[in-house]
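The values are calculated or read from the model by the stated rules, or taken from the named source; none is laboratory data. Keep in mind the model is a prediction, meaning the values are calculated, not measured. Every residue, glycine among them, receives a Cβ derived from its backbone with ideal geometry; neighbour counts consider all protein chains shown.
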Amino acid sequence: MQKISLLLAVTLFTASCGSDSSSDGNSEGSTYTQATDETPTTTEAPVTTEAPVTTEAPVTTEASAEDESSEEGRDEMIVFTSNRDGDAEIFVMNADGTGVRQLTYNDDFEVEPSWSPDRTQITFRSNRDGDFEIFVMNADGTGVRQLTYNDDHDEHPTWSPDGNEIVFVSDYYSEIFVMNADGTGVRQLTYNDDYDGHPTWSPDGTQIAFTSYRDGDAEIFVMNADGTEVRQLTDYDYFDGYPTWSPDGNQIAFTRDCCSVGTKSGSGIFVMNVDGTEVRQLTTGSVWRGYEPTWSPDGTQIAFEDHSFGCCSILIMNADGTDVYSTGQEGEELDWGG
């Protein structure tokens, strides 16, 4: 029920807004079946196959040349999801909220964007083929390519720091997988009866933090990049999730269901050391429904989405929680690339 509840919650939320390592003890990679009509199976030996070629032209209107970002300016840009055109699409903007440009134009959902380390590409998930799959496009919205071909939903793609791999979640298994950046060489990392999701790489590429329900509620765990040595970082009675590493690799920011204002319950942005110690709350006061933090590339600021007074205001604060300000834009599922 926890898997089903979380998956329904993620789907509905997007539409409306627009410890134990023994449980992962099988360190051998498994095959995630791509481009097949059969139910995906898991076998012991990893198999690397080429991603199927998409023969039809992507259903995405290319961004015009005048909307293209310069490589210099792109370093400070935030990519995000918004339903401002009537359905969920992917946009970019400057960190101060200016220069908003739409990258995808599709009647289906385009969500969960993530910058490549060199900022030349963006991976995201879309249901343009009938269910949610992982796609990648150039930073200007051109050159859309499909990476996964699965009968169920794939979600939460994030690039490795070297740009060679993408970690993601398959809802068929509710487990974490990794693949090469071209969609080949899919390997399963977690083996667990409960939901594992929201994976994110450490800056040095050696570890992956993620959200898991394996202890009965959502907590933050970390594992080696090959799926071994799973360690639990948080132990809280409600929800801890959406972890994101600081650029220097010393801290992890995350969302915690924590707060109340009058009769309303909410969530906040927290930060902790990478070993789970020194948990500190960053958002307070009028910001009582903060979600999904993302670090600035230099590590001095954190952007997040705020639902305190409606859906999805994009706010930015210093990394210590001070000087919170609004960008004047609405959106969710932010990635600043830090």
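Take Ala253 and decide whether it is closer than 30 Å to Val136 by Cβ, surrounded by fewer than 21 Cβ atoms within 10 Å (Cβ to Cβ), modelled with pLDDT of 95 or more and of a type in the set (A, V, I, L, M, F, W, C).
Judged against the criteria, Ala253 is not a match.
Could you please let me know if Gly299 is modelled with pLDDT of 95 or more, part of a loop (DSSP other than H, G, I, E, B), of a type in the set (Gly, Ala, Ser) and in contact with an Asp or Glu (Cβ under 6 Å, 6 or more places away or on another chain)?
yes
What number of residues in the range 120-137 are basic (Lys, Arg) and either modelled with pLDDT of 95 or more or surrounded by 24 or more Cβ atoms within 10 Å (Cβ to Cβ) (or both)?
1
Among the listed residues Ser267, Ser260, identify the single one that is modelled with pLDDT under 95, assigned to a strand (DSSP E or B) and surrounded by fewer than 19 Cβ atoms within 10 Å (Cβ to Cβ).
Answer to the check: Ser260.
Has the range 238-248 got at least one residue that is loosely packed, with under 14 Cβ neighbours inside 10 Å and modelled with pLDDT of 95 or more?
yes
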